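Undergrad: Structure below; questions to follow.
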Amino acid sequence: MRDAKRLAAIRKLPCVKCGGGPSQAAHSNFGEHGKGKGIKADDKYTIPLCHACHVVFDQYRDMGREESRVWFAKMLEKTERMLNLKDDEVF
């Protein structure tokens with residue numbers, strides 16, 4: 001499912017890996033989230049990553065597939081908290 005509003009909000013957040021920016025909406029690389037050959041995962045499974053961190057994530061450069069799956073789940077939870085912060089909260 002595509003969600004332009006979520007993708008725009010994700011791009012406004014800092015990279016969840018290095019804190020830099022600008023961020024891109026990085027989709028999950030895992031089939032359980034709708035990823036298939038030539039098919040992006042559902043937009044609800046996106047996290048903010050800068051270009052450099054996005055490439056590292058997509059190419060499994062610094063962690064294996066299973067470690068990446070666990071890390072992505074944690075970063076997805078963090079992203080949801082970041083998207084739902086009130087103006088006076090800090091993450």
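The values are calculated or read from the model by the stated rules, or taken from the named source; none is laboratory data. Keep in mind that this is a model prediction, so the values were computed, not measured. Note that each Cβ is placed from the backbone with ideal geometry, even for glycine, and that neighbours are counted across all protein chains shown.
Undergrad: Just the residues that are at pLDDT below 90, out of contact with any helix residue (DSSP H, G or I) (no Cβ under 7 Å at 6 or more places or on another chain) and assigned to a loop (DSSP other than H, G, I, E, B), please, taken from region 1-52.
TA: Within region 1-52, 1, 2, 3, 21, 34, 35, 37, 38, 40 meet the criteria.
Undergrad: Which of the residues belonging to region 20-54 are over 26 Å from residue 84 (Cβ atoms) and touching a strand residue (DSSP E or B) at 6+ places or on another chain (Cβ under 9 Å)?
TA: Passing the criteria: none in range.
Undergrad: A further question follows. Quick one: in region 14-56, which of the residues that are crowded, with 19+ Cβ neighbours inside 10 Å and either over 19 Å from residue 69 (Cα atoms) or among the hydroxyl-bearing types (Ser, Thr, Tyr) (or both) is nearest to the chain's Cα centre (by Cα)?
TA: 46
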